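Comments concern the structure below.
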Amino acid sequence: MNEPRYREAEQRLWESVGLTPTERQLRLDRTGVTVRVQEVGEGPAVVFVHGASNSGVSWAPLAARLDGFRCVLVDRPGCGLSEPLPYTLDDPERLGAYGDALIVDVIDALGLDHAHVVATSFGGYFALRGAAAHPGRVDRVVEFGWTVGAPVGAVPLMLRIGGIPTFGRLAGMVPPTERAVRAMLRSIGLRGALASGRFSQQMVDTYLSLLRDTNTMRNELKAGPHTFRFRGFNKSVFLPQRLLGTIHTPTYFLWGEDDPMGDAEIARQFVRNIPGAEIEMMPGAGHAVWIDDPDHAAATTRRFLSGGRVIDEEATERLRTS
């Protein structure tokens, strides 16, 4: 663990997007850990929940464009500079209970009655479970790309190998190289963003430092769940249709057409199970759509969180009936 070096990399990333966040620690009573949050902006509160083996600063390019909102970027337990979980999530019931509690735990620790949620990938699992378990506490949900809990398409080889316990532990022990990080990012659909510079050098450096200088990957592998397996996906973490049908929180998905985790057919079939949910497929985008087109991602997020529709009602009805 080299916290100063990681903080230096984070600071360079924040400087590159023209922001200086405030930082504090939140004690999550239900979850039983203390997490770090970074905040920028003023206005209605938006809780950002990142994906696996990542941290809150991964949202910096989007937060920099969301003027008019109080953006609360959470390091999930065990990630970034937050405490690790004191238990594992390899049991489906324990994972479900943790998923139900995490978002509202953060909202309570912030001293709020309710908040919006923006999430992606593993973070999307918590957003949807939190909205189902605590209606009224989550105002609106924006989901970027495929989310854990949805059916999966082709799992990148690197993630499948990481799902083998022995290889996973070794991966957590061997410091990654920038070349390996860039290869992994390309495998999840960020080839164009890397080539164009939208996934900037500062972002690469911060992610590399996260993996090298914090215990994020080790904590994620230890706590689980083992979402990916060598033969594909762990189906025990799928979100059942009956749960999705109880979500009445307004929900909007911006999903990349080139997301390797789930194609357009998977996206539409999954979103169809959530009453009233909207979905927009983004051409040429992969798993991290707010990186592929941050301006469009910010504009649609701002419109949706402000109470508007992103997709017209006729298009949404076609999704329901197709």
Rg to Rh quotient for the stretch 1-146, alpha carbon positions, Kirkwood Rh: 0.94
Label corresponding to P(r) over Cα pairs in 20 Å bins from 0, in percent when calculated from the structure given, among (i) 35, 62, 3; (ii) 27, 45, 24, 4; (iii) 20, 35, 25, 15, 4, 0: (i)
Candidates Thr177, Thr206, Thr301: whichever shows maximal mean-square fluctuation once the chain is modelled as a Gaussian network with Cα springs under 10 Å: Thr177
Computed helical MRE - 222 nm, the chain, DSSP H runs ≥ 4 contributing -39500 (n - 2.57), nearest 500: -12000 deg cm²/dmol
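Let me know the shape class of the stretch 254-307, please: from the alpha-carbon gyration tensor, a ≥ b ≥ c as square roots of the eigenvalues, rounded when a/c is under 1.5, otherwise prolate if a/b is greater than b/c, or oblate. Spell out each step's value before the answer.
Details: a/c = 2.90, a/b = 1.08, b/c = 2.69.
Because a/c hits 1.5 or more and a/b fails to exceed b/c, the stretch 254-307 counts as oblate.
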Positive-end residue, the chain charge dipole about Cα centroid, Cβ charges, pick of Ser200, Val181, Pro275: Val181
Loop-located GluC sites (Glu not before Pro) in the stretch 1-46, at most 11 other Cβ atoms within 10 Å (DSSP): Glu42
Given charges at beta-carbon only (K, R positive; D, E negative), |dipole| of the chain in Debye: 840
Estimated distance in nm for a label pair at Glu178 and Lys222, the labels positioned 7 Å out from Cα along Cα-to-Cβ: 3.0
Spacing of the two label points (7 Å from each Cα toward its C-beta) at Arg12 and Ser236, in nm: 4.1
Choice from His134, His116, His287 showing the highest fluctuation, given a GNM over the chain with Cα pairs closer than 10 Å: His134
FRET efficiency, 1/(1 + (r/R0)^6) with R0 51 Å, evaluated for Asn273 and Thr22 via beta carbons: 0.85
Where labels lie 7 Å past Cα in the beta-carbon direction, separation of Glu257 and Asn2 in nm: 4.2
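Here, each number is a calculation from the coordinates, and none is a lab measurement. Keep in mind the model is a prediction, meaning the values are calculated, not measured. Ideal geometry is used to build each Cβ from the backbone, glycine not excepted, and the neighbour counts take in all protein chains shown.
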